[in-house]
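Novice: Quick one: the structure is below, questions incoming.
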Number of protein chains: 2
Amino acid sequence: MGRAYHGHLMSADTIEHLQARSRRSAEQILRAAVQVITRQGIHDFTMSAVSDAAGISIGGVYGRYPNKEALLRAVKDEVLTGLETDVQRQLDAADPGSRALLGAFTHVVSNAFAESSGLYAFIFIHSAQDAAMKARGFAFHQRVKGLLQERLLDHGVTDQTGVDVAYDMIMQSLLMRVISMGNVPDGEVPYAGFPDPDLYAREIVLAVDAYVAQRSRPA
Amino acid sequence: MGRAYHGHLMSADTIEHLQARSRRSAEQILRAAVQVITRQGIHDFTMSAVSDAAGISIGGVYGRYPNKEALLRAVKDEVLTGLETDVQRQLDAADPGSRALLGAFTHVVSNAFAESSGLYAFIFIHSAQDAAMKARGFAFHQRVKGLLQERLLDHGVTDQTGVDVAYDMIMQSLLMRVISMGNVPDGEVPYAGFPDPDLYAREIVLAVDAYVAQRSRPA
C-alpha cells in the first residue's frame, strides 16, 4: 500500500523508514525537553532551548510538537509512564509482607523525586492549569495506588481506607518535599531539622506500616 | 512633640489620630487582600481588586503598599502570624499526652488549610520566587515545629529526629493536599479514595503517634 509523496508512490520500506526516523526524532526531542526542565527548571523552558539540546532545528521541533503545551504534555506522560513502570517493577521484586512492600514503594518514588526535583515539581504542580496535564497526574495516582493496593491485598491487607490514607501520606509528603527542596540552592536545607531524603523515606515507611498494622488490629 | 505638617505643628492628639487611621486602613487593605486571594486565587489578584474589596481608593492602597509584592508579603506575614498564634493556643489547651498534642496540632493546621486552600497554596507555593516570602515560610515551619517540640518535650518525648520527621509528615501531607484540592472544582475529589479532610487528619495523627511511640521503644 503506497501513499502519495511528491507525485510518486512510496514503497512500504520507505514508509517504515520515515516512520522510524520520525519516532526517533520525537524521542530525541522528548529526552531533550526532560533534560532542559531538569537542569534549568520550567520557568526557563523554551522550544529553542529544547531545539539546542536535541540538536534538531526549531522547525523540526515544531514539526513534531505544534506548541510548548503539546510538548509539555508529552513530557509529563513520558515521565509518569516511566515512574509507573518502575513502581510496578519494584513492587514485583519486593519481599513479601506489608513493611517490605511499603518500603519498596516509598523508596522508588522518593529516589525518583530526589534525583529530579525540578522535573517533578513541574509535573505535579505547575502543570495544573492545563486540564489534560492535570488529568494525567490524577491518573498516575490512580494507577500506582492500584498497584500498591493489589500487592498489599496479596498479603492480606484488605482495608481500603487504610491503603488510601497510607498512599496519600507517602505520596503527598514526598511531593511537598520536592517543592521545598526546589526552593533552596543545592546543598542547603529549607529549615533546621529538615530530614535528608533517605532518612525521611525510611521513617515514613515505619510510620505508615505501624499505621496499617494498627488499623488491622481489633480495637 | 509636634511634627511639621503643611507648615503647622501637629498636636500629639492629631498625630495619634492620624496614626490610628493609617493603621486601620492598612488593616482594611490586608483583610481585603486576603479576601481577594481566598475567593479568586492568586492569578486574578490585582491592586484594583483589593481597592474595590477594601472600599479604599487605588491611590490609598498604593499609599500603604508601594506595589503588589509588598502587599503580598504583608498578607503572608499576617496569615502565618495568625496561624502561629492559633497553633500555640491549641497546643496550650490540649490534653496531656503525645496523641492529644499531635491531634490538636494536626487538626488546627488541617482546618485552616481546608477552609482557605487557595490562600495557603499561594502562601507556601506560589510565593517561592520572592526571597523574603520564602524566608517567612521557612520561619513559620521553624516556629511551629518549635512549639510542638517544646510541648512534646514536657511529656517526655526527647527524640529530636522523631519530632522532625513527625512534623514534616503532618505538615507536608496537609500542604500537598491543599494543592490537589485547589486544582479541582469544589465538591469534586482529585482521584478515587482521596480521603476527606477530617478523616485524613485523624488518620495522620494515628500514624504519627504510632511512629513516635515506636521510636521511643527499645528495639
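Novice: Compute and list, largest first, the equivalent-ellipsoid semi-axes of the stretch B:1-66 from the alpha carbon gyration tensor, each √(5λ) rounded to a whole angstrom.
Specialist: Equivalent-ellipsoid dimensions as semi-axes: 31, 11, 7 Å.
Novice: Sorted from shortest, what are the nm distances separating the label point of A:Ala135 from equivalent points in the other copies, each placed 7 Å from Cα along Cα to C-beta?
Specialist: 4.5
Novice: By how many degrees, 0 to 90 and rounded to 10, does the Cα axis of helix B:12-40 deviate from the longest principal axis of chain B?
Specialist: Value to nearest ten degrees: 50.
Novice: Which FRET efficiency, nearest 0.05, do A:Asp186 and A:Asp86 yield, Cβ-Cβ r, R0 22 Å?
Specialist: 0.35
Novice: Here is a follow-up. Please report, for B:Ser57, the nm distances (one decimal) from its label point, 7 Å out from Cα along the beta-carbon direction, to the equivalent points in the remaining copies, shortest first.
Specialist: 5.9
Novice: In sequence order, what are the phi-derived ³J(HN,Hα) couplings for the stretch A:69-79 according to the Karplus relation 6.51 cos²θ - 1.76 cosθ + 1.60 with θ = phi - 60°, rounded to whole Hz, with x for glycine and proline?
Specialist: 4, 4, 5, 5, 4, 5, 4, 4, 4, 4, 5
Novice: If the label for A:Thr85 sits 7 angstrom from Cα along the Cα-to-Cβ line, what are its distances to the same label in every other copy, in nm to one decimal, shortest first?
Specialist: Output for A:Thr85: 5.5 nm, nearest copy listed first.
Novice: So, in nm, how far is label A:Ala70 from label A:Asp154 when the simple model puts each one 7 Å beyond its Cα toward the Cβ?
Specialist: About 4.1 nm, to one decimal.
Novice: Among rounded, prolate and oblate, which fits the stretch A:68-219 when a ≥ b ≥ c are the square roots of the eigenvalues of its C-alpha gyration tensor, a/c under 1.5 means rounded, and a/b larger than b/c means prolate?
Specialist: Because a/c hits 1.5 or more and a/b fails to exceed b/c, the stretch A:68-219 counts as oblate.
Novice: Mean separation of Cα pairs under 8 Å and 6+ residues apart, divided by the residue count of the stretch A:77-152: what relative contact order is that in percent?
Specialist: Reported as a whole number, the value is 42 percent.
Novice: Something else about it: Counting pairs on different chains as well as pairs 8 or more places apart, how many Lys pairs in the protein assembly as shown have Cα atoms under 25 Å apart?
Specialist: Within the protein assembly as shown, the lysine pair count is 10.
Novice: Tell me, what is the percent relative contact order of chain A, built from C-alpha pairs under 8 Å that lie six or more residues apart?
Specialist: Relative contact order here is 20 percent.
Novice: Hey, what angle do you get for helix B:131-154 against the long axis of chain B, alpha-carbon based, 0 to 90 degrees rounded to 10?
Specialist: Around 50 degrees separate the two axes.
Novice: Compute the normalised compactness of the protein assembly as shown: alpha-carbon radius of gyration over 2.2 N^0.38 Å, N being the residue count.
Specialist: Cα Rg divided by the expected 2.2 N^0.38 Å: 1.17.
Laboratory data are not the source of any read-out in this text; all were calculated from the coordinates shown. What you see is a predicted model, and the numbers here were worked out from it, not measured in a lab. Every residue, glycine as well, gets a Cβ built from its backbone with ideal geometry; the counts of neighbours run over all protein chains shown.
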